[in-house]
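Visitor: Here it is, the structure in full.
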Amino acid sequence: MLTKIALLALSAQQIAAFPSYLSEVFLNKRNAELAAAGSPCPHIAAELAKRQAPGVTPPFDAAEQYVSNTGANVFVPPGPTDQRGPCPGLNAMANHGYLPHSGVGTIDDFINGCQTAFGMGADLADFLAVYGAIFDGDLTSYSIGGPAAGLNLLGLLGTPEGLSGSHNKYEGDVSPTRGDLYQYGNDYLLQLSQFSALYELGQQNGNSIDLAVLTAYRTTRFQESVSQNPYFFNAPFSGVAAQPAAWSFIYRFMANKSAEHPEGLLTGDVLKSFYSITGDYPNFKYTPGHEAFPDNWYKRNPADYYTIPYLAVDTLAMALQHTEFLSVGGNTGTTNSFTGVDPAALTGGVFTAQNLLQGNNLICFGFEASLQAAPDILSGLYVNTAAALSKLTGAVSKATSGLGCPQLSSLNTAQFSKYPGYTKLSTAGNY
Ligand code: HEM
Ligand SMILES: *[C@@H]1O[C@H](CO)[C@@H](O)[C@H](O)[C@H]1NC(C)=O
């Protein structure tokens, strides 16, 4: 299966030798190979030029990058009707006035908030925000937690579920700190065992949670889902595109930027603050919904915002080290029964085990699959799916423009019938 692929093989040892420059090292090599193959990808090349020139690191400007947690942005814990959910970044933003305190925001609230508070690229913020509004809200607004008041229910088949109820639409298995839905009965609360394991790995790495630590722990979490969750399902969008983002965001966004560490240093204390953890290791205490920006914390430089091409590179770098991340499929009702779907059978040959690691195909597949899977999902949410579909078509075409994506025109979801993690949702009218 996919694990046999040795395309563009950069050995694990080579990558491990440069943990903090994981993507950059990979980029260098891959770009050389792409150039040699006569097919340099302009976005990748641009990212490379920006970040890879010898000695060039992102600029640091304290005044521009400081993120206030005082005054209008002072921490205010959520009240009983305020929504908080699976995303620690959005929870922290809502607690500090970078999103409405209710936890329900418009597309623009999310786009502006993600840029102001974390330095997310407008392209990525735009897609994430629009996707949430379509699948978890009323097309213009959505809740970062559960079902909420204040949405426009006209044309909807029920009250939108919010991010907390979006399993396999947005939220997926193999989350860093959130448990798998069918293992814990919820997918939005932090599991202390998972947080502690990640924290420990950071301590062993000199109090630094970097991409190498995260990639290693993602491998552990993937294996745990295989061996502990009989309904584990690694879905095309939530598994292949949202899952790597959840992992890379921890370092790319939560790390504190400084003159000494312009790319960021993520210490255990900063991780604890963003994950609402108090107490000293190993006696941690989790207070759901109290995620907070630490004092004296600095976000990404505006010249170095985290964009879709940047995420594409991180996604690919992780997948090259651990090709199991590429496997769409799941357990078939018992633990340790993971069976992958042949990407060619799923996509009518557009994406294959051979080409998934070429160009930007991996992230292309995630985005495009979300569109092909949409009609089924949306028919359970909207009286008439036309507006939602057209909005998603626009968002996917914007997100993939310039990535050189092959055109996916169908997704054979019959391939998923053997996975209860998929069919349970269809029969619940949820997926
Ligand atoms: C519109 C913007 C955003 C949306 C719609 C969004 C949505 C989500 C969703 C649905 C999940 C759950 C995925 C899963 O199952 O693992 C998630 C996880 C996560 N998000 Fe966000 N997010 C957004 C922005 C951000 C930002 C700005 C950060 C910055 C730190 C962030 C950091 C994370 C992290 C670290 C996780 C993994 C949580 C864990 O399991 O430990 N997100 N997000
Ligand atoms: C961020 O880095 C700066 C410079 O090293 C430091 O003064 C500040 O305390 C750090 N912030 C956090 C939250 O660790």
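Visitor: Take the alpha carbon gyration tensor of the chain, find the square roots of its eigenvalues, order them as a ≥ b ≥ c, and report rounded if a/c is under 1.5; if not, report prolate when a/b exceeds b/c, else oblate.
Guide: Values: a/c = 1.31, a/b = 1.02, b/c = 1.28.
The shape class here is rounded.
Visitor: Please check: in the Gaussian network model of the chain (C-alpha springs, under 10 Å), which one of Gln228, Gln243, Gln83 has the largest mean-square fluctuation.
Guide: Fluctuation is largest for Gln228.
Visitor: Which percent, to the nearest 5, of DSSP beta bridges fully inside the chain are antiparallel?
Guide: Details: 14 of 16 bridges.
Roughly 90 percent of the beta bridges in the chain run antiparallel, per DSSP.
Visitor: Here's a follow-up. Between Ser227 and Asn205, what length in nm is gained on full extension when 0.36 nm per residue of separation is reduced by their alpha carbon distance? Write out the running numbers ahead of the final one.
Guide: Working: separation 22, 0.36 × 22 = 7.92 nm, distance 2.65 nm.
So the chain would gain 5.3 nm between Ser227 and Asn205.
Visitor: State, to one decimal in nm, how far the label point of Thr423 lies from the label point of Phe284, with both points 7 Å from Cα in the Cβ direction.
Guide: Result: 3.7 nm between the two label points.
Visitor: Please give, to one decimal in nm, the separation of the simple spin-label points placed at Leu192 and Ala386, each 7 Å out from Cα toward the Cβ.
Guide: 5.4 nm
Visitor: When a/c is below 1.5 the answer is rounded, else prolate if a/b is larger than b/c, else oblate, so apply that to the range 326-431 with a ≥ b ≥ c taken from the square roots of the Cα gyration tensor eigenvalues.
Guide: Values: a/c = 2.44, a/b = 1.07, b/c = 2.28.
It comes out oblate by the Cα gyration axes.
Visitor: Springs between alpha-carbon atoms under 10 Å, Gaussian network over the chain: tell me which of Gly71, Gly150, Gly380 tops the mean-square fluctuations.
Guide: Result for the chain, Cα springs under 10 Å: Gly71 fluctuates most.
Visitor: I need the shape label for the range 316-379. Rule: rounded when a/c is under 1.5, else prolate if a/b > b/c, else oblate, with a, b, c from the alpha carbon gyration tensor.
Guide: Details: a/c = 1.71, a/b = 1.01, b/c = 1.70.
Oblate shape, in that a/c is at least 1.5 and b/c is the bigger or equal ratio.
Visitor: With θ set to phi - 60°, apply the Karplus curve 6.51 cos²θ - 1.76 cosθ + 1.60 along the range 352-359 and write out the HN-Hα couplings as whole Hz, x wherever there is a Gly or Pro.
Guide: Per residue, the Karplus-derived 3J(HN,Hα) values read 10, 4, 7, 9, 5, 9, 8, x Hz.
Visitor: So, one more: Say each of Asn412 and Leu153 gets a label point 7 Å from the Cα, pointing the same way as Cα to Cβ; how far apart are those two points in nm?
Guide: Placing both labels 7 Å beyond Cα along the Cβ direction yields 4.1 nm.
Visitor: Starting from the amide H of Glu171, placed 1.01 Å from N in the peptide plane, find each other amide H under 5 Å away whose residue is 5 or more places distant or on another chain.
Guide: Excluding prolines and chain starts, which carry no amide H, the hits are Ser166.
Rule-based calculations on the coordinates, nothing more; no lab input. Since the model is a prediction, treat every value here as computed from it, not as a measurement. Here the Cβ is made from the backbone with ideal geometry for all residues, glycine too, and neighbour counts use every protein chain on show.
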